[in-house]
1. Name the pairs: first residue in the stretch 116-140 and assigned by TED's automatic domain parsing to the domain that holds W89, second residue among the basic types (K, R), Cβ to Cβ under 7 Å, at least 6 apart or on different chains?
2. Any idea which residue in the stretch 240-265 is surrounded by the fewest Cβ atoms within 10 Å (Cβ to Cβ), counting only those that are farther than 18 Å from D382 by Cβ and either in contact with a His (Cβ under 6 Å, 6 or more places away or on another chain) or not aliphatic (A, V, I, L, M) (or both)?
3. Across the stretch 252-277, what is the number of residues that are under 16 Å from L320 (Cβ atoms) and touching a residue at least 60 places away in the same chain (Cβ under 8 Å)?
4. Hey, could you check the stretch 378-390 for residues that are crowded, with 21+ Cβ neighbours inside 10 Å and outside any helix (DSSP H, G or I) and say which is nearest to the chain's Cα centre (by Cα)?
5. Would you mind stating whether G357 is exposed (fewer than 14 other Cβ atoms within 10 Å of the Cβ) and part of a loop (DSSP other than H, G, I, E, B)?
6. Can you name every residue in the stretch 278-321 that is in contact (Cβ under 8 Å) with a residue 12 or more places away in the chain and among the acidic types (D, E)?
7. Taking the stated definitions as given, is A364 closer than 19 Å to M243 by Cβ, assigned by TED's automatic domain parsing to the domain that holds V318 and assigned to a helix (DSSP H, G or I)?
Amino acid sequence: MTTSEQAREQDPEPDPEHDPEQERLRRWRLVLGGEPWGAARGGRLTGRDASIDRVLTALYRGAPDQADGARTPGRSAGLGGSAPQVARWLGDIRRYFPTSVVQLMQQDAISRLGLTRLLLEPEMLAAVEPDVHLVGTLLSLRHALPETTRETARLVVARVVAELERRLADRTRATLGGALDRGARVDRPRHRDIDWDRTIRVNLRHYLPEQRTVIPERLVGHARAQRATKKEVILCVDQSGSMAASVVHSAVFGAVLASMRTLDTRLVVFDTSVVDLTEQLSDPVDVLFATQLGGGTDINRALAYCESKITRPADTVVVLISDLHEGGIRERMLRRVAAMKAAGVQFLALLALSDEGTPAHDHAHAAALAALGVPAFACTPDAFPDVMAAALERRPLPDAHPL
């Protein structure tokens, strides 16, 4: 018998398929806490369940409820200020919960219990489960990081970036490559530029069986990519504190887009100042450590800089990634967007580039942009390639629901 089998025999878990009522009671005990409320409503927690309850109690120890200020009954322990105790707790939650839940509990521990300062210790960073939110926290702390922690913090950020690139890069290149390829086709190509495969496909209805041939009424060919299909993309990213997850994803996508030869990609980040990080796009980790999370917001100033870099408006896509809480001059911002649109620029406003759902944003500014023909909507990282492909082809955005 293996060690894991012995552990399960000594500490059997309830089987909800065979005893759904017991599983329901078990879950309620964990919700209410093992002592004293849970015990009064179905018995004490034992074994693995008691250990899970201790882990939950350490985090949700009578913390004020966000909705009405009530306190959770039966939760009285805590993580305190002990780094070794927190390290053990981090190990326990990874033992009992899946990665997605671990990341959520880590976020709660940082925000509810004030454990941010513990992230300044390399041992703690090595114990956490890296995710986008942790990267945002580390970036906001980077000036406070001691020398001994900086390299560990960089490794944590690099792990998250590598995972995002693995998940998103190939699909982004394939989707945008297809869009650029379609945009590069011409209907009156020179003989040497004819795409025979696509030409045959679009003319199959003109097939003559008796001649066993296709009459090519329409020729499809490739344009000269270096002269005809190069597009310019400007990512203009709000680096205020609430946009941390969007900044991380923007850095990754910026690096992916910059790797495509048929695109000229520029990454601009801003708060009340504007920083052009285009030269660092080959390494998104460098990009992230060059950002300044927090501070105010001057969208108009950022757009003025972006506008100055546009050389071919009809071949340019500007993506403003911001919650639109403008601290600059609203009327000038809107006039600048209108001017770029009138010049032929394809302009998008993403209220967030993250998996967080509907973001908090300035509804008045979103409505004003919509009136200019610029829909403002949240976008998940998985949907971003399709959104960009539609923008490059100047067709309706897929599943874009203005907010």
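The values are calculated or read from the model by the stated rules, or taken from the named source; none is laboratory data. Remember, it's a predicted structure, so these values are computed and weren't measured experimentally. All Cβ positions, even for glycine, are placed from backbone atoms using ideal geometry, and neighbour counts span all protein chains on display.
1. E129/R94; P130/R159
2. R261
3. 2
4. Out of the qualifying residues, it is P381.
5. It is true that G357 is exposed (fewer than 14 other Cβ atoms within 10 Å of the Cβ) and part of a loop (DSSP other than H, G, I, E, B).
6. Of everything in the stretch 278-321, those that are in contact (Cβ under 8 Å) with a residue 12 or more places away in the chain and among the acidic types (D, E) turn out to be D283, D298, E307, D315.
7. In short, yes.
One line per residue, one yes/no per condition, for (1) in the same structural domain as V374 (by TED's automatic domain parsing); (2) over 20 Å from R332 (Cβ atoms); (3) not in a helix (DSSP H, G or I):
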| residue | (1), (2), (3) |
| --- | --- |
| S246 | yes, yes, no |
| G296 | yes, no, yes |
| L303 | yes, no, no |
| E307 | yes, no, no |
